[in-house]
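K.L.:
Got a structure for you, questions after.
The values are calculated or read from the model by the stated rules, or taken from the named source; none is laboratory data. What you see is a predicted model, and the numbers here were worked out from it, not measured in a lab. All Cβ positions, even for glycine, are placed from backbone atoms using ideal geometry, and neighbour counts span all protein chains on display. Note: areas computed on protein heavy atoms with side chains; ligands, DNA, RNA excluded. Shrake-Rupley method; radii C 1.70, N 1.55, O 1.52, S 1.80 Å.
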Amino acid sequence: FGFPLNETDTVNIAFGISGIKLKTNGDNTPQGIYDYIDQFGERHVGPRFELSWARDTRNRAIFADRGSYNRVAIESMLGGDDRWYKLSYRHSTYFPLTDSLTLLGHFDLGYGDGFSDTDNLPFYENFYAGGLRTVRGYKTNTLGPRWDDPNPDLRDPKGGALRTAGGVEVLFPAPFFKDNKNLRFSTFFDIGNVYAEVNDFDAGELRYSAGLSMQWITPLGPLVMSVAQPLNKKDGDKTEPFQFTFGVPF
């Protein structure tokens, strides 16, 4: 349910029942998932609740060039087999530099934990980073902690309870197509990572990238493409210089 408070502020409330069943895939499943199922079981059912507030002062939702967007949300499993919460904050601000150039600054923060009989945020609710939505140039959802498994091939990304990501971009019209209102480009610098717990935060583990992005409103929906260069890739990082998504709003 969404409740507009005025022209810029909206409160959203969501509630329901969440039911999750964890399934393994033989030798392709990290040992940590087997350990979790042995300790907590494979079925996790309970009431789920989300409350968010958003303030949107952008001059338009698509291809904005001034104003800002802020969203604060809390999501929680209040009872049943698990008790946990997640807090998130998203911010973006657009500063017109010239008639055709816009500076965009954005930031994303997420944190979660368990409460009552649940010690930590369940792994299947973890935050992830890497990809078009966080740090471009790194493969989607591959940054941060990995499963500690005897088999190196099963040390897949597992996400974490803390995510921090942000960046700056300079938006500009498409060269040679400046009158095309459905196409624009940007140069960007991204930074971010995911950590198992808030106490594990280490600024030295943040990943950086820079590159060029294209945003195009096609007749079938929005298309976003980027070409990015990771600036401080470390051993084990999975990179993906070219990335694109279709149908996801900017």
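K.L.:
Full extension from residue 12 to residue 155: what is 0.36 nm times the residue separation minus their Cα-Cα distance, to one decimal in nm?
P.N.:
Length gained, residue 12 through residue 155: 47.7 nm.
K.L.:
Nearest 20 debye, what's the magnitude of the dipole of region 112-250 about its Cα centre given +1 on Lys and Arg Cβ and -1 on Asp and Glu Cβ?
P.N.:
So the magnitude is around 920 debye.
K.L.:
Ok, one more. Quick one: angle between helix 31-40 and the longest Cα principal axis of the chain, in degrees between 0 and 90, rounded to 10, please.
P.N.:
60 degrees
K.L.:
Taking the Cα centre of the chain as origin and charging only Cβ (+1 Lys, Arg; -1 Asp, Glu), how large is the dipole, in debye to the nearest 20?
P.N.:
1060 debye
K.L.:
Additional query: Report the charge-dipole magnitude of region 180-248 in Debye, nearest 20, computed about the Cα centre from +1 at each Lys and Arg Cβ and -1 at each Asp and Glu Cβ.
P.N.:
Here region 180-248 has a charge dipole of around 520 debye.
K.L.:
Net charge within 12 Å of residue 187 by Cβ-Cβ distance, Lys/Arg positive one each and Asp/Glu negative one each, not counting residue 187 itself?
P.N.:
So the environment of residue 187 carries a net charge of 0.
K.L.:
If I take the Cα coordinates of region 90-213 and project them onto the principal axes, what are the three extents in Å, biggest first?
P.N.:
Extents along the principal axes: 57, 34, 27 Å.
K.L.:
Now, a different point. Sorting 116, 186 by accessible area (1.4 Å probe), largest first, what list results?
P.N.:
The ordering from most to least exposed comes out as 116, 186.
K.L.:
Let me ask you something else. I'd like the trypsin sites (Lys or Arg not before Pro) in region 167-246 restricted to DSSP loop residues with at most 15 other Cβ atoms within 10 Å, sorted by number.
P.N.:
In loop regions of region 167-246 (DSSP not H, G, I, E or B), the sparsely surrounded trypsin sites (Lys or Arg not before Pro) are 178, 181, 233, 234, 238.
K.L.:
When Lys and Arg each count +1 and Asp and Glu each count -1, what net charge do the other residues less than 13 Å away from residue 65, Cβ to Cβ, add up to?
P.N.:
That sum, taken over residues with Cβ under 13 Å, equals +3.
K.L.:
Take the alpha-carbon centre of region 40-105, take the same for region 135-150, and report the distance between them in whole Å.
P.N.:
22 Å
K.L.:
What residue among 118, 143, 189 has its Cα farthest toward the positive end of the dipole of the chain, where the charges are +1 on Lys, Arg and -1 on Asp, Glu, each on the Cβ?
P.N.:
Working it through, the farthest residue towards the positive pole turns out to be 189.
K.L.:
In whole percent, how big is the carbon plus sulfur part of the accessible area of the chain, probe 1.4 Å, protein atoms only?
P.N.:
C and S fraction of accessible area: 56 percent.
K.L.:
Hey, can you find the accessible area per residue of the chain for me, probe 1.4 Å, expressed in square angstrom?
P.N.:
Normalised by residue count, the accessible surface of the chain is 56 Å².
K.L.:
Could you tally up the Lys pairs in the chain with alpha carbons closer than 20 Å? Skip any pair fewer than 8 positions apart unless they're on separate chains.
P.N.:
So the count of such lysine pairs works out to 10.
K.L.:
Find which of 44, 230, 24 sits farthest along the positive direction of the dipole of the chain, computed with +1 on the beta-carbon of Lys and Arg, -1 on that of Asp and Glu, about the Cα centre.
P.N.:
230
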